[in-house]
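Below is one structure, written out as structure tokens, with a few remarks after it.
The values are calculated or read from the model by the stated rules, or taken from the named source; none is laboratory data. Please read all numbers here as calculations on a predicted model, not as lab measurements. Here the Cβ is made from the backbone with ideal geometry for all residues, glycine too, and neighbour counts use every protein chain on show. Just the protein is used for accessible areas: all its heavy atoms, side chains included, with ligands, DNA and RNA removed. Shrake-Rupley method; radii C 1.70, N 1.55, O 1.52, S 1.80 Å.
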Amino acid sequence: MKTKDLFILAVRLLGLYFIYVGLKDLDVPAFTDVTILKGDDANDIISTLLPVVFNLAVGWWLLGCGFLARRAYPESSKVSDRLSASKEPTSPTATPAQSQTLTDMETAEKKLAALVGKTKDGQPPL
């Protein structure tokens, strides 16, 4: 197994532990007895449920672990790919890139002029 796979496994096991702790702390019989709930203050109920909800939420998040895996083992960045691509030797071209760009620009201007209905000089197209 690779280290990335071991890391993902460890994070998911930690998530299962958090879910176990959250479910263990959830005292279901106490919440099903209405007479106990009427006697308790609302702050007591909230302070009992808050750790349960927190542990279950953290456990659920850790089971997904997509963010942590991407953070710990990032994919190769696009910048480094571009740098490695630019280091390759380039062969000289027969036509310079500037003339090709101008040709593309002229083509785009002609298409735009045909759509608008005017040429560069302000005259209507023929």
*Selection status of Phe7, modelled with pLDDT of 80 or more and assigned to a helix (DSSP H, G or I)*: yes
*Report yes if Arg82 is part of a helix (DSSP H, G or I), at pLDDT below 85 and of a type in the set (Lys, Arg), otherwise no.*
yes
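One line per residue, one yes/no per condition, for (1) closer than 30 Å to Ala10 by Cβ; (2) at pLDDT 75 or above; (3) open to solvent by less than 70 Å² (accessible area, probe 1.4 Å):
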| residue | (1), (2), (3) |
| --- | --- |
| Leu50 | yes, yes, no |
| Val58 | yes, yes, yes |
| Trp61 | yes, yes, no |
| Glu75 | yes, yes, no |
| Pro89 | no, no, no |
| Ser99 | no, no, yes |
| Lys118 | no, no, no |
| Gly122 | no, no, yes |
